[in-house]
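The values are calculated or read from the model by the stated rules, or taken from the named source; none is laboratory data. The shown structure was predicted, so the numbers you read here are calculated from the model rather than taken from an experiment. Using ideal geometry, Cβ is built from the backbone for each residue, glycine included, and neighbour counts are taken over all protein chains shown.
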Amino acid sequence: MEIAPSRPIARDIQQNLARVIRGKNDAIRKAIICLLCEGHLLIDDIPGVGKTSLALALAKSLDLSFQRIQFTSDLFPADILGVSIYNPKTGEFDFKTGPIFHNVILADEINRSTPKSQSALLEVMNERQITIDNRTRPIPRPFFVIATQNPFEHYGTYPLPESQKDRFLMRVSMGYPEPKDEKEILRENIGLHSVQELKCVAQKEQVLNMISEVKTISVTELIDDYILKIVGETRRSPFLELGASPRGALSLRAASQANAYMEGRNFVIPDDVKFSALPVLAHRVILKSVNSDSELKQSEIVIQEILDRTTVPI
């Protein structure tokens with residue numbers, strides 16, 4: 001079996017991140033998968049569980065430029081994208097780039113800004129370019145957005161519409177660390193200072209090579225049919241008002257390729273699809289009713305039930 005030459009680097013990245021993000025190997029893996037798919041990650045969680053550390057650690061490990069954007073109610077699109085400023089010496093307008101012109105972006109508390117500012121970010125996420133003053137400016141590659149939101153705080157927030165959630169490849173929750181992992185964090189005093197000390201384990205060119213290699217991972221017609229069956233069941237489920245979109249099927253396929261790549265295979269198997277299905281699909285569906293449990297948790301239960309009863313290709 002031929003394995004892509006850059007693939008071992010993905011394992012090095014995962015191990016490097018685990019040095020400062022303790023006990024969160026699942027979240028780390030999914031973040032790397034999003035990066036390798038040129039997708040974006042939405043983290044739904046409370047403050048203080050390592051969201052900022054994860055984004056910064058990823059940028060440090062890959063020698064990529066990093067920028068944090070704190071989303072607030074008074075944030076304007078120009079604060080994200082940039083603005084043209086008149087230069088009296090030249091008599092022309094000079095464009096001052098905004099914080100979006102970096103490789104790794106942490107969009108902190110994205111649901112605290114107005115829909116107009118949210119849309120400005122999400123448009124760039126999809127198009128990977130901005131057009132201001134009739135001039136199109138590309139965003140540097142790789143371009144990876146990690147957006148966060150607090151699911152337990154609703155005052156002064158603007159929830160993301162379903163169509164905008166669909167722009168994120170995956171949605172995850174990090175949760176509290178296990179007691180043994182939290183003890184290690186305390187004993188070793190692991191914090192943002194530890195992230196700043198991380199060594200780079202891959203260069204930008206290597207990351208771009210990995211992104212290209214992931215796209216070459218083989219997906220058989222049987223696997224494609226399996227993905228389409230799962231997505232189709234979300235549209236027929238009696239518990240869902242709206243099922244996953246075609247973009248959801250494409251995202252599930254891409255994430256499955258990246259997971260196979262991380263496992264050292266050059267082909268996708270059903271387990272790759274199963275691993276990716278919950279974080280890829282749960283935020284793309286709309287429940288018919290929501291009880292006391294969180295919407296994301298209920299969506300994951302429905303998706304898991306679909307996975308359990310969908311015939312796995314042999």
Which residue pairs have Cβ atoms under 6 Å apart, sit 6 or more places apart or on different chains, and have a first residue in the stretch 115-139 that is assigned to a helix (DSSP H, G or I) and surrounded by 11 or more Cβ atoms within 10 Å (Cβ to Cβ) and a second that is β-branched (Val, Ile, Thr) and modelled with pLDDT of 90 or more? 120/80; 121/80; 124/100; 125/145
Flag if residue 46 is closer than 28 Å to residue 282 by Cβ, outside any helix (DSSP H, G or I) and without any contact (Cβ under 8 Å) to a residue 40 or more places away in the chain: no
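Within the stretch 35-71, track down each residue that is among the hydroxyl-bearing types (Ser, Thr, Tyr) and either at pLDDT 90 or above or outside the structural domain of residue 177 (by TED's automatic domain parsing) (or both).
Keep residues of the stretch 35-71 that are among the hydroxyl-bearing types (Ser, Thr, Tyr), which gives 52-53, 61, 65.
Residues satisfying the conditions are 61, 65.
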Only one of 175, 248 that is at pLDDT 90 or above, small (Gly, Ala, Ser) and either surrounded by fewer than 22 Cβ atoms within 10 Å (Cβ to Cβ) or part of a helix (DSSP H, G or I) (or both): 248
Would you mention how many residues in the stretch 109-135 are within 15 Å of residue 67 (Cα to Cα) and in contact with a Lys or Arg (Cβ under 6 Å, 6 or more places away or on another chain)? 1
Which of the residues belonging to the stretch 8-29 are of a type in the set (D, E, K, R) and either modelled with pLDDT under 90 or within 14 Å of residue 57 (Cβ to Cβ) (or both)? 11, 12, 19, 22, 24, 29
Please tell me if residue 26 is closer than 28 Å to residue 116 by Cα and charged (D, E, K, R). no
I'd like to verify a number: residues in the stretch 76-95 that are in a strand (DSSP E or B) and modelled with pLDDT of 90 or more, how many? 1
Condition (residue is free of Cβ contacts under 8 Å to residues at least 40 places away in the same chain, in the same structural domain as residue 169 (by TED's automatic domain parsing) and within 19 Å of residue 150 (Cα to Cα)) applied to the stretch 5-27: is it met by at least one residue? no
Taking the stretch 140-172 and keeping only residues that are closer than 18 Å to residue 295 by Cα, in a loop (DSSP other than H, G, I, E, B) and either at pLDDT below 85 or of a type in the set (S, T, N, Q) (or both), one is left with 150, 151, 152, 153, 154, 155, 157, 158, 159, 160, 161
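Here's the yes/no breakdown for (1) closer than 29 Å to residue 12 by Cβ; (2) of a type outside the set (D, E, K, R); (3) touching a strand residue (DSSP E or B) at 6+ places or on another chain (Cβ under 7 Å):
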| residue | (1), (2), (3) |
| --- | --- |
| 66 | yes, yes, yes |
| 84 | no, yes, yes |
| 118 | no, yes, no |
| 144 | yes, yes, yes |
